[in-house]
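The values are calculated or read from the model by the stated rules, or taken from the named source; none is laboratory data. Note that the coordinates shown come from a computational prediction; the quantities given were computed from them, not determined experimentally. Positions of Cβ are backbone-derived with ideal geometry, glycine not excepted, and every protein chain shown enters the neighbour counts.
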Amino acid sequence: MPYYYKPKKRAKTVAVKKVYKKLYKSLGLTAGIIIFMYFWLVTVIPNINIVWDIFKRDKPQQSALTGIPPNKPVILDLQKFTNKEKIDIQGTAKAGTTVKLYLNGRENQKTLADNDSFFTFNEIPLQKDITEIYATATDDEENISEPSATHKVTYDNKPPEIAITKPNGQSVEEPINAYRIEGAVNEDTTVTVNGKTAQTLYDKTFSILVNLKEGGNSFKIEAVDKAGNKTTKDIYINFSKTD
């Protein structure tokens, strides 16, 4: 059987190859666009400030790392209870940052941390009862740190009250010299009798065993609360020993 050359089929094959070639080019272009967009979204946009600073060339490259807040400041230990209406507050923060002081959630004052990373607030007025105190640090690029630990300070300038329940008079007659003085206070205090610490119970009663001599015996009872307020009460016992 004779062989016939079919040019139309060859032309069709060439046309198909051209279509595939165009398709491959389109796929390659699409892949390139996808890779470019991925690089732009993942690398460039999140660091646009860095890229912008690099193009500007007006700052050193390391200063382009914006958005990183300074470490939170540290307020040095404060007394939890005080009888002073105003207190001084000291602490540490990154040198050169602006330290803002907050009292019960409201900004009160601000100052700069010095070259030694130290800051001080003087004569800070306390509110009645409890004042919650914390601070933040802000750098030159307005990055704000997390708040420092919160300190709760109780302002109390009222002295405690002392009530003596034993003896209930000045004269005591007992067969032995050992005698227990008893009383009560109206708040948590440390009670001393002639400088010796008395036993204080959860119900705010106190007692102490003393040694009486025949005749007059003087005792100074002192109660000091957590804020440092002090009350003193003097009692006199005329002791007679019985058989």
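Being small (G, A, S) and either over 27 Å from E214 (Cβ atoms) or not in a loop (DSSP other than H, G, I, E, B) (or both) is the filter here, so list the residues in region 158-181 that pass it. Of everything in region 158-181, those that are small (G, A, S) and either over 27 Å from E214 (Cβ atoms) or not in a loop (DSSP other than H, G, I, E, B) (or both) turn out to be A163, S171, A178. Where strands (runs of 3 or more DSSP E) fall entirely within region 182-243, those with at least 1 residues that are touching a Leu at 6+ places or on another chain (Cβ under 8 Å) are at 230-241. Evaluated against (1) of a type in the set (D, E, K, R); (2) at pLDDT below 95; (3) over 30 Å from S218 (Cβ atoms), K152 falls short on exactly one condition, (2). Of all the criteria given as (1) surrounded by fewer than 16 Cβ atoms within 10 Å (Cβ to Cβ); (2) closer than 28 Å to E85 by Cβ; (3) among the acidic types (D, E), the one not satisfied by D156 is (1). Among the residues of region 135-151, those identified as under 16 Å from the mean Cα position of the chain (by Cα) and surrounded by 14 or more Cβ atoms within 10 Å (Cβ to Cβ) are A135, T136, A137, I144, S145, P147, S148, H151. Answer yes or no: is there a residue in region 139-157 that is more than 30 Å from G67 (Cβ to Cβ) and in a loop (DSSP other than H, G, I, E, B). There is at least one residue in region 139-157 that is more than 30 Å from G67 (Cβ to Cβ) and in a loop (DSSP other than H, G, I, E, B). For the structure I just gave you, tell me whether I208 is touching a residue at least 60 places away in the same chain (Cβ under 8 Å) and either touching a strand residue (DSSP E or B) at 6+ places or on another chain (Cβ under 9 Å) or within 17 Å of N186 (Cβ to Cβ) (or both). Spelling it out, it is not the case that I208 is touching a residue at least 60 places away in the same chain (Cβ under 8 Å) and either touching a strand residue (DSSP E or B) at 6+ places or on another chain (Cβ under 9 Å) or within 17 Å of N186 (Cβ to Cβ) (or both). For region 75-86, residues that are surrounded by 14 or more Cβ atoms within 10 Å (Cβ to Cβ) and either touching a Ser or Thr at 6+ places or on another chain (Cβ under 6 Å) or part of a strand (DSSP E or B) (or both) total 3. Against the definition (in contact (Cβ under 8 Å) with a residue 12 or more places away in the chain, of a type in the set (S, T, Y) and not assigned by TED's automatic domain parsing to the domain that holds Y202), how does S145 come out, yes or no? Answer is yes for this residue. I'd like to check something: does region 99-117 contain any residue that is modelled with pLDDT of 95 or more, among the basic types (K, R), crowded, with 18+ Cβ neighbours inside 10 Å and not assigned by TED's automatic domain parsing to the domain that holds K233? Within region 99-117 (the criterion being modelled with pLDDT of 95 or more, among the basic types (K, R), crowded, with 18+ Cβ neighbours inside 10 Å and not assigned by TED's automatic domain parsing to the domain that holds K233), the answer is yes, since at least one residue qualifies. Only residues that are among the acidic types (D, E) and within 11 Å of I162 (Cα to Cα) were counted across region 187-243, and they come to 3.
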